[in-house]
Amino acid sequence: MVLLGAVLWGVSGTAAQVLFQRYGFNPGWLVMVRMSSAGVLLLAGISIRLGLTHIFEVWKYRRDSLKLILFGIVGLLGVQYSYFASIRYGNAATGTMLQYMGPIFITTYVTLRNRRMPSTMQIVAVLLALIGAFLLVTDGNLRAFTVSPLAVFWGMISALTLAFYSLYPQSLLHRYGSATITGWGMLIGGVAMGVINPPWQFSGHGSLGTWGLVSFVVLFGTLIAFYVYIASLKYISASEASVLSCGEPLSATIIAVAFLNLKMGLPAMLGGLCIIVTVTILARKGSSD
């Protein structure tokens, strides 16, 4: 389940790259459609299974409501938009790899909050991630970026917001359930994006093929991917799931190289491998603590 979800996320990133770079779609518009549609469908499914009262429980408490709004706008909308913006200016493989720097920020925050020195393995993981990021964006060339600076900027923002949405909503997730909170977060983020980028302000070349890609991003790359990932947590730990979710950057890279003629040198590939190893080290460290 977790591998299927990760692969669907990776493939949807590549589909988004095609929409942005070949057909002129706007990342803000796609994020708005993706989040709003997935949020509505997710909440509808939960209400059918558990009832309407369950999904509206969070809105009874002002503090929880404010946390939910912040989570939806800063967390989910932030990570979705910055990830797609990174893909628009670069490619799906690089954008996904940079987003996987998120665990580094999580580790740094937890270390500072607990006022304890990081372990040797955590220090190694951070250094490995920094080396990996350097190789990924320069392809080993000390004098030039092989990836657009804007792609790198938005990729790092997506890593920061990934760390935020992983850490911030923990109390909400335990109290109301991950599916309900994520459903509302997606809907809130989609509505907020709609204020900036209304659905009628569409730009791009619309055709049967492009609308098929949009449908894939919404249904398979968002709704189904999230559902199977969450369902997998019934059978494996979150740490094990985070290791297996490395299938996302791998699938995004394989598809981009195979079908979009993405050129990646050996240093860039080694950099991506360093980042994946980093996630594995931190996840295993987390499971042993």
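The values are calculated or read from the model by the stated rules, or taken from the named source; none is laboratory data. Everything numeric in this text was worked out from a predicted model, so none of it was measured. Ideal geometry is used to build each Cβ from the backbone, glycine not excepted, and the neighbour counts take in all protein chains shown.
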(message) Among the residues of the stretch 178-213, what is the count of those that are touching a helix residue (DSSP H, G or I) at 6+ places or on another chain (Cβ under 8 Å) and closer than 28 Å to Y61 by Cα?
(response) 18
(request) Go through (1) at pLDDT 65 or above; (2) crowded, with 17+ Cβ neighbours inside 10 Å; (3) in a helix (DSSP H, G or I) one by one and return the number of the condition G209 breaks. (result) (2)
(message) Looking at the structure I just gave you, is G155 within 26 Å of G45 (Cα to Cα) and part of a helix (DSSP H, G or I)?
(response) no
(message) Could you tell me how many of the residues in the stretch 112-124 are assigned to a helix (DSSP H, G or I) and buried (at least 16 other Cβ atoms within 10 Å of the Cβ)?
(response) 1
(request) Select the helices (runs of 4 or more DSSP H) contained entirely in the stretch 1-106, then report the ones holding at least 3 residues which are among the β-branched types (V, I, T) and in contact (Cβ under 8 Å) with a residue 24 or more places away in the chain. (result) 2-21, 27-50
(request) Scan the stretch 149-172 and report the pairs whose first residue is in contact (Cβ under 8 Å) with a residue 40 or more places away in the chain and whose second residue is in a loop (DSSP other than H, G, I, E, B) and among the aliphatic types (A, V, I, L, M), with Cβ atoms within less than 7 Å and a gap of 6+ or a chain change. (result) M156/M101; A159/M101
(request) Please work out if L219 is surrounded by fewer than 20 Cβ atoms within 10 Å (Cβ to Cβ), over 24 Å from G24 (Cα atoms) and either of a type outside the set (S, T, Y) or modelled with pLDDT of 85 or more (or both). (result) no
(message) Only one of L52, L135, L66 is over 15 Å from the mean Cα position of the chain (by Cα), hydrophobic (A, V, I, L, M, F, W, C) and modelled with pLDDT of 90 or more. Can you tell me which?
(response) L66
(request) Collect the residues in the stretch 105-119 that are modelled with pLDDT under 75 and among the polar types (S, T, N, Q), keeping them in residue-number order. (result) T107, S119
(request) State all residues of the stretch 188-206 that are crowded, with 16+ Cβ neighbours inside 10 Å and not in a loop (DSSP other than H, G, I, E, B); if no residue qualifies, say none. (result) I188, G189, G190, V191, A192, M193, G194
(message) Which residue is surrounded by the fewest Cβ atoms within 10 Å (Cβ to Cβ), if the candidates are limited to the stretch 164-183 and must be of a type in the set (F, W, Y) and within 17 Å of the chain's Cα centre (by Cα)?
(response) Y168
(request) Collect the residues in the stretch 73-97 that are of a type in the set (A, V, I, L, M, F, W, C), under 17 Å from A6 (Cβ atoms) and under 10 Å from the mean Cα position of the chain (by Cα), keeping them in residue-number order. (result) V79
(request) Give just the number: which of (1) touching a helix residue (DSSP H, G or I) at 6+ places or on another chain (Cβ under 7 Å); (2) within 28 Å of G13 (Cα to Cα) does T108 not satisfy? (result) (1)
